[in-house]
Structures are given as C-alpha cells and as structure tokens.
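The values are calculated or read from the model by the stated rules, or taken from the named source; none is laboratory data. The structure displayed is predicted, hence computed values, not measured ones. Cβ sites come from the backbone with ideal geometry, for glycine too, and all protein chains shown count toward neighbours.
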Amino acid sequence: MACWVAGLVLSSNAHAAEPRPNAPIKFGLTPVFLISDLELLGRLQSYLQRTTGYQVSLISRRTYQEITALLTSGQLDAAWICGFPFVAHRSELQLVSVPLWHRKPLYQSYLIVDRARVAADVHDLRGDIHAFSDPDSNSGFLVTRAALAERRLRPETFFSKTFFTYGHRNVVRAVASGLAGSGSVDGYVYDVLSELEPALTARTRVLKASEPLGFPPIAAPKTPNDGPRLAALTAALLRMSDDDEGRTVLHLLRLDGFSMEDPALFDSIASKAALVAAAG
C-alpha cells in the first residue's frame, strides 16, 4: 500500500513472445503497497522463485493505470492491484487470491485531517484542499467520491482544490504537513504507518472510516498467459503462511496470508463505481 520500487523492467515485446517453460513469472506491483523496501522485494522474489520453480520478475509502475494496462493487455501474468480497477475490468480479469489482514480479506478507507482540527463529518471538509492517492484507487479516491455523490456533491465543487499524491503515505504526509486540509487514504496503510512511523500519523487523525471493503486483490488476465505459471504463483501465495520465508514476507507486509475468495467480495466497490458513473 504505497509505491514499491522494483528493479526489474518488463521487456517491451513480452506480449508477443510465446509462453515457454522457462519464461519468468511477470508479477506486477502497484502503489497500493506500503513501502519501498529492497529487503521486502528481495525476500518476496526469493520466496516466489523457490516455491514456484520459475524465475520471477517484479514489475512496478507509479500509477494503478499503468499496471492495469499491462495486466489487461496480457503483458503480466498477475498483479497486485486495487479493488476499483478489478471491478472496472472484471470482464477481462480473474481473481487469483486476496490478502488477509487481521485474518479477514477486508480493509477500510479513511478520511483523515489534522489532529487538532475541529471537524466531525465530511460536510466539515467543504472548501478544503484535499489529497487523493490515485484516480483508480478505491480507498484513496472512489470511496470519498461516492460519499459525495450520495449527497449530490462533486469533489471539484465541494473542495477548493484536489490533487493526487500517487502514494497513500504521501496523502498522510500532505495532511500532516498542512499541504492539504484533509485526505483520502487506505486504512491498512494508515494503521501500519501508525506502527512504523508514529511521529507522522500522530499529526493526523481519522475523521471517518468506511465500511469494510474487499482488500486489494491479486488478479490475472481472464485467459492466462500460461496456465502452469499462474497455477504455480497461486499455490505459492496460498501457502505463504505455511513457509518460514513466506511468513517473514507476510510479517514485513503486516499481513496474515492469502486466501481464495468469491469475486462477489468486491460487489460493494462495484456499487460505488456505478454510483459515481451515474453521477457523471
């Protein structure tokens, strides 16, 4: 849940290449994630390579849109994306697995403000400079946009100004520094930041938390690039909590594991997306 920096670059002709038994698993990472941590990336890659039997390329981009485009065009075997692009491209994607946080495949979106600010509801944020994470983020954009749409309001008229930080940690930084009066942020990111960087989150507070929503999932093209590669990746994710190295990765992520879930888990996000689309 923040932007990871991966050191491996996707070949520009990967989509045209025929699947080969020794072709690497191409696994995309979006700004959903929390930390740019070389140790974490190295351990994740090591675990996946050992348990799948394939070389693994971790591919990162700055925005959700870039990774989603690579995924839907078949240039990735799978990617850890957000629930919003998953429902937006449901006809093109399949659900591979969902992370478990506090042993559930759920998280929340938080509206945050300065700790000292007197505010009790979203209406108190009228006229703010508001920080969003990414236009394709559920927790960092869609949830707040839908909450305003329910009130027949729009961000561009309700707030005095909005901007995208392209990273949930950056939303917290914007509010903590006074660059923004309020922000929309991933609750998982915020809670883990409260553990890892308490001095940062201590300058803010949660004004409102959304209902529980489907945690950002692992998705793959509806028609896999290579069935055995995807099956090996899926099995490795589901077994991660049973493996010493896998548990280390999960600890760094502050997650409990991965599970198979029904795509209906994301129906509430799809409803929010439909509400926003209808509002225009």
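Within the range 23-46, identify whether any single residue is assigned by TED's automatic domain parsing to the domain that holds PHE84, modelled with pLDDT of 95 or more, β-branched (Val, Ile, Thr) and under 20 Å from GLY246 (Cβ atoms), and answer yes or no.
yes
Can you work out which of the residues in the range 164-196 that are part of a strand (DSSP E or B) and touching a His at 6+ places or on another chain (Cβ under 8 Å) is farthest from ARG117 (Cα to Cα)?
Step one: filter the range 164-196 for residues part of a strand (DSSP E or B), giving 164, 182-186.
Applying the additional criterion that residues be touching a His at 6+ places or on another chain (Cβ under 8 Å) yields 182-186.
Numbers: SER182: 10, GLY183: 13, SER184: 16, VAL185: 17, ASP186: 20 Å.
Looking at residues that are part of a strand (DSSP E or B) and touching a His at 6+ places or on another chain (Cβ under 8 Å), I get ASP186.
Regarding GLY214, is this residue in contact (Cβ under 8 Å) with a residue 12 or more places away in the chain and at positive phi?
no
Applying the selection to the range 209-233, what residues are surrounded by fewer than 20 Cβ atoms within 10 Å (Cβ to Cβ) and more than 20 Å from LEU41 (Cβ to Cβ)?
ALA209, GLU211, PRO212, LYS222, THR223, PRO224, ASP226, GLY227, PRO228, LEU230, ALA231, listed by residue number.
What's the number of the only condition in (1) touching a Gly at 6+ places or on another chain (Cβ under 7 Å); (2) in the same structural domain as ALA120 (by TED's automatic domain parsing); (3) polar (S, T, N, Q) that THR204 fails to meet?
Every listed condition holds for THR204 apart from (1).
Determine if the range 64-75 includes at least one residue that is within 13 Å of PRO216 (Cβ to Cβ) and out of contact with any Pro (no Cβ under 7 Å at 6 or more places or on another chain).
yes
I'm trying to understand the selection: among the residues of the range 217-250, which are touching a residue at least 12 places away in the same chain (Cβ under 8 Å) and basic (Lys, Arg)?
Those that are touching a residue at least 12 places away in the same chain (Cβ under 8 Å) and basic (Lys, Arg): LYS222, ARG229, ARG239.
With respect to LEU213, is the statement that it is under 17 Å from the mean Cα position of the chain (by Cα) and modelled with pLDDT under 95 true?
No.
Among all residue pairs at least 6 apart or on different chains, which show Cβ distances below 9 Å where the first residue, located in the range 256-280, is under 26 Å from VAL192 (Cβ atoms) and the second is assigned to a helix (DSSP H, G or I) and of a type in the set (D, E, K, R)?
GLY257/ASP242; GLY257/ARG247; LYS272/ARG145
Among (1) modelled with pLDDT of 95 or more; (2) touching a strand residue (DSSP E or B) at 6+ places or on another chain (Cβ under 9 Å); (3) in a helix (DSSP H, G or I), where does LEU95 come up short?
So the condition that LEU95 fails would be (3).
Any residue at all in the range 105-122 that is closer than 21 Å to ARG205 by Cβ, in the same structural domain as GLU197 (by TED's automatic domain parsing), in a helix (DSSP H, G or I) and not β-branched (Val, Ile, Thr)?
The answer is no, given that none of the residues of the range 105-122 is closer than 21 Å to ARG205 by Cβ, in the same structural domain as GLU197 (by TED's automatic domain parsing), in a helix (DSSP H, G or I) and not β-branched (Val, Ile, Thr).
Check LEU70, LEU48, LEU76 and return the single one that is over 17 Å from LEU250 (Cβ atoms), outside any loop (DSSP other than H, G, I, E, B) and over 15 Å from the mean Cα position of the chain (by Cα). Give the steps one after another, and end with the answer.
Numbers: LEU48 fails: over 17 Å from LEU250 (Cβ atoms); LEU76 fails: outside any loop (DSSP other than H, G, I, E, B).
So the residue among LEU70, LEU48, LEU76 that is over 17 Å from LEU250 (Cβ atoms), outside any loop (DSSP other than H, G, I, E, B) and over 15 Å from the mean Cα position of the chain (by Cα) is LEU70.
Report, by residue number, each residue of the range 51-67 that is part of a strand (DSSP E or B) and in contact with a Gly (Cβ under 7 Å, 6 or more places away or on another chain).
Residue satisfying the conditions is ILE59 alone.
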